[in-house]
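Take a look at the structure set out below.
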Amino acid sequence: MPSAPPKTMQLRVTLPDRVLVEEDTTKIVAEAHNGAFGMLPRHIDFVTALVPGILSYWVNGEERFLAVDEGMLVKVGDAVLVSVRDAVPGADLETLRDTVQSRFIELDEHARAARSALARLEAGVVRRFIELRQEI
């Protein structure tokens, strides 16, 4: 006789230095590059990159929220692993959306600007080496 379908998923949200959430959940909603998506226990296995946004999940009929930074979500069987650079739990969606905007998205803009400046420096160094080589 076939086994009963799982009624929950095991959600585990990890940060670089700790486990933030470890709960059995009946539903997960998150945001990827191509939009928001929802998952129920029998959802197909998959992997997706998460964007800064709100991750919501249900425990015993109660909706819970996390503001999450960029990361990855991996679903295999009844296990869902979310690994993000930073996350903040909260009950108020408005406050969490502000957190996403100020803490995660603005930090990403600063990181992009820093990477761009570094790329310009590297290109300048390479250009200078080419010039020196031509002089020799």
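Only the coordinates and a few stated rules stand behind these numbers; no lab work does. Keep in mind it's a predicted model, so treat the numbers as computed, not measured. Neighbour counts are summed over all protein chains in view; Cβ atoms, including those assigned to glycine, are modelled from backbone coordinates with ideal geometry.
Laid out as a table, the results:
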{"item": "Packing-based ranking, highest mean first, of 41-49, 58-66 given that Cβ atoms within 10 Å are counted", "result": "58-66, 41-49"}
{"item": "Met72 versus Glu23: modelled label distance in nm, points set 7 Å from Cα along the beta carbon direction", "result": "2.4"}
{"item": "Segment 12-90: relative contact order in percent, alpha carbon pairs under 8 Å with at least 6 residues between", "result": "31"}
{"item": "Highest-first arrangement of 31-37, 127-133, where packing means the average Cβ count within 10 Å", "result": "31-37, 127-133"}
